[in-house]
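Participant: I have a structure I would like to understand better, so I am pasting it below and will then ask my questions one at a time.
The values are calculated or read from the model by the stated rules, or taken from the named source; none is laboratory data. Keep in mind that this is a model prediction, so the values were computed, not measured. Backbone-built Cβ (ideal geometry, glycine too); neighbour counts: all protein chains shown.
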Ligand SMILES: *Cc1c(COP(=O)(O)O)cnc(C)c1O
């Protein structure tokens, strides 16, 4: 078995263990493999191993890789990076889901970029730190942003996303995210995704109810230099 296959199955086993420990069904958890900075050939290798959900955090890289691998029709691309409003239509053309909607202007731009009747899955990114530069909307403002998204007919609100702070136990940060997630799900029952958990904290995220994990280096190996 290749190293990549071995890492993938080792992580999947840890996900299943963490789910059972939390009294959850592993089948309700989606593992997104974050492929940023790696070549499209790695995405192809993952696809050949059965991966159908991948994550990218830069629009140009997403667009380029999706162009290279356009024939993988059932591969879903998740955009997980900070998004500039002027890149919204390029993001919309290449992403199946956008996890990082953190302001009304960005939601509006993604909505205006719709070019057919399809709806784009979006998540409200919540900032669990006190640092506004870290991306995401403050927890207290997340509900209003979610209401705004619900008013945009070409977007489908799917839930919330967050990255754990560096200076706090992930469990306590994810507990705050879960509270926000519950409020947002009460606005629309389809908004039931909690996108949380990376290589270093996916076990804690699963315990806190995460439905979508974004795991990079534990599966792909170390990222090449971003140049
Ligand atoms: C890079 C990235 C990840 C994956 O990080 P790893 O620590 O490599 O698992 C997850 N979420 C976001 C938003 C990222 O930018």
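Participant: State all residues of the stretch 169-181 that are more than 16 Å from the ligand (Cβ to nearest atom) and either modelled with pLDDT under 95 or within 9 Å of residue 204 (Cβ to Cβ) (or both); if no residue qualifies, say none. Walk me through how you get there before you give the answer.
Facilitator: Restricting attention to the stretch 169-181, the residues satisfying the condition of being more than 16 Å from the ligand (Cβ to nearest atom) are 169, 171-172, 175-176, 178-181.
If the condition is that a residue be more than 16 Å from the ligand (Cβ to nearest atom) and either modelled with pLDDT under 95 or within 9 Å of residue 204 (Cβ to Cβ) (or both), then 169, 171 are the ones that fit.
Participant: Scan (1) more than 16 Å from the ligand (Cβ to nearest atom); (2) in contact with a helix residue (DSSP H, G or I) (Cβ under 8 Å, 6 or more places away or on another chain); (3) assigned to a loop (DSSP other than H, G, I, E, B) for the single condition residue 128 breaks and write down its number.
Facilitator: (1)
Participant: Also: Of all helices (runs of 4 or more DSSP H) completely enclosed by the stretch 136-227, which ones contain at least 2 residues that are free of Cβ contacts under 8 Å to residues at least 60 places away in the same chain and buried (at least 22 other Cβ atoms within 10 Å of the Cβ)?
Facilitator: In the stretch 136-227, 142-150, 170-185 are the helices (runs of 4 or more DSSP H) which contain 2 or more residues that are free of Cβ contacts under 8 Å to residues at least 60 places away in the same chain and buried (at least 22 other Cβ atoms within 10 Å of the Cβ).
Participant: Being touching a residue at least 60 places away in the same chain (Cβ under 8 Å) and out of contact with any helix residue (DSSP H, G or I) (no Cβ under 6 Å at 6 or more places or on another chain) is true for just one of 55, 27. Which residue is that?
Facilitator: Details: 27 fails: touching a residue at least 60 places away in the same chain (Cβ under 8 Å).
Matching residue, one of 55, 27: 55.
Participant: In the stretch 63-75, which residues are within 21 Å of residue 99 (Cα to Cα) and surrounded by 16 or more Cβ atoms within 10 Å (Cβ to Cβ)? Please lay out each step first, then the result.
Facilitator: We begin by selecting, within the stretch 63-75, every residue within 21 Å of residue 99 (Cα to Cα); these are 63-67, 73-75.
If the condition is that a residue be within 21 Å of residue 99 (Cα to Cα) and surrounded by 16 or more Cβ atoms within 10 Å (Cβ to Cβ), then 63, 65, 66, 75 are the ones that fit.
Participant: Just to check your reading of the model, which residue among 112, 214, 226, 119 is within 16 Å of the ligand (Cβ to nearest atom) and at pLDDT 95 or above? Spell out how you get there, then give the answer.
Facilitator: Numbers: 112 fails: within 16 Å of the ligand (Cβ to nearest atom); 226 fails: at pLDDT 95 or above; 119 fails: within 16 Å of the ligand (Cβ to nearest atom).
So the residue among 112, 214, 226, 119 that is within 16 Å of the ligand (Cβ to nearest atom) and at pLDDT 95 or above is 214.
Participant: Restricting attention to the stretch 1-41, which residues are in contact with a strand residue (DSSP E or B) (Cβ under 9 Å, 6 or more places away or on another chain) and in a helix (DSSP H, G or I)?
Facilitator: First, the residues of the stretch 1-41 that are in contact with a strand residue (DSSP E or B) (Cβ under 9 Å, 6 or more places away or on another chain): 8, 11-12, 15, 29-36.
Within the stretch 1-41, 8, 11, 12, 15 meet the criteria.
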